[in-house]
1. I'd like to know if region 136-144 contains one or more residues that are modelled with pLDDT under 95 and either within 12 Å of the chain's Cα centre (by Cα) or at positive phi (or both).
2. Residue by residue through region 63-96, note down the ones that are closer than 18 Å to Q30 by Cα and touching a residue at least 60 places away in the same chain (Cβ under 8 Å).
3. Select from region 106-137 the residues that are surrounded by 19 or more Cβ atoms within 10 Å (Cβ to Cβ) and in contact with a Pro (Cβ under 7 Å, 6 or more places away or on another chain) and write down the one among them that is nearest to F59 (Cα to Cα).
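The values are calculated or read from the model by the stated rules, or taken from the named source; none is laboratory data. Worth saying up front: this structure is predicted, and the values here are computed from it rather than measured. Here the Cβ positions follow ideal geometry from the backbone for every residue, glycine too, while neighbour counts run over all protein chains shown.
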Amino acid sequence: MKVIVTLAAILLLGFLAIAEGKGTAPTQLQIGVKFRPEDCTVRTKPGDKVSIHYTGTLFSDGTEFDTSLKRGKPLEFILGSGQVIKGWDQGLLNMCVGEKRKLKIPSDLAYGARGAPPAIPANAALVFETELMAINDNSSHDEL
């Protein structure tokens, strides 16, 4: 009977860890769309100047290492140009203004073996909650 109770407890703890988003670090980019506006006539593409609000956490323990929200100003960069980590250049494509995504990024699409000390250790998988605030210089976009 003790063995059954012990096994049940172990299974329950494993289930709870998975339910909380912990568990095995991602080996591929995972894109979760949390909100998409109904009216979406323009989507991001490589070369767009985008404005993104974000909060970044470590996949391993949920420690927040950076957020644009505390600064009150979104990050602006050219999508697909290598100005940000590869997980962002890939995970923020085809996004609508106002859309919210949760990106789970494996270490090879983040900071890899070098990390970004002291906040991000080597080989760390990352999680980003993102919201696209604006697409600038988008005159080359075709209407959908």
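1. yes
2. Result: Q90, G91, C96.
3. Let us first name the residues in region 106-137 that are surrounded by 19 or more Cβ atoms within 10 Å (Cβ to Cβ), namely 106-107, 109-111, 120, 124-128, 130-132, 135.
With the extra rule that they be in contact with a Pro (Cβ under 7 Å, 6 or more places away or on another chain), the set shrinks to 106, 125.
Values: P106: 9, A125: 5 Å.
Checked region 106-137; the qualifying residue nearest to F59 (Cα to Cα) is A125.
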